[in-house]
Amino acid sequence: MKVTKNLAEYIKNMGINLSELSRKADIPYHTLYKCLGAELPQRELRADELASICMVLNLNPMDFWSRKAA
């Protein structure tokens with residue numbers, strides 16, 4: 001869960017709205033919330049979800065492999 005956790009911390013620290021991200025990344029809000037918004041994430045992001053989020057945010061997915069929270 002390292003990548004999902006690091007991305008969740010980044011999104012929280014940057015104040016990114018999950019509803020807006022959901023629309024732009026074409027990922028259902030409840031899916032994003034289960035992965036990124038909940039205190040205890042219920043599942044990992046799939047590779048295609050991570051790629052879509054990173055495309056929207058103009059980030060490299062590999063940045064979240066070893067990132068410490070921004």
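The values are calculated or read from the model by the stated rules, or taken from the named source; none is laboratory data. Quick caveat, the model's predicted, so the values are computed rather than measured. Because the Cβ atoms are built from the backbone with ideal geometry, glycine has one as well, and the counts that use them run over all protein chains shown. These area figures cover heavy atoms from the full protein model, side chains too; ligands, DNA and RNA do not enter into them. Shrake-Rupley method; radii C 1.70, N 1.55, O 1.52, S 1.80 Å.
Points worth noting:
- Tabulated pairs, segment 1-24, first touching a residue at least 24 places away in the same chain (Cβ under 8 Å) and farther than 12 Å from residue 35 by Cα, second open to solvent by less than 80 Å² (accessible area, probe 1.4 Å) and polar (S, T, N, Q), C-beta under 9 angstrom, 6+ apart or interchain: 24/52
- Residue in segment 63-70 that is in contact with a Cys (Cβ under 8 Å, 6 or more places away or on another chain) and not in a helix (DSSP H, G or I) present: no
- Number of residues in segment 31-65 that are open to solvent by 70 Å² or more (accessible area, probe 1.4 Å) and touching a residue at least 40 places away in the same chain (Cβ under 8 Å) equals 2.
- Residue match in segment 16-30 (condition: open to solvent by 50 Å² or more (accessible area, probe 1.4 Å), in a loop (DSSP other than H, G, I, E, B) and modelled with pLDDT under 95): no
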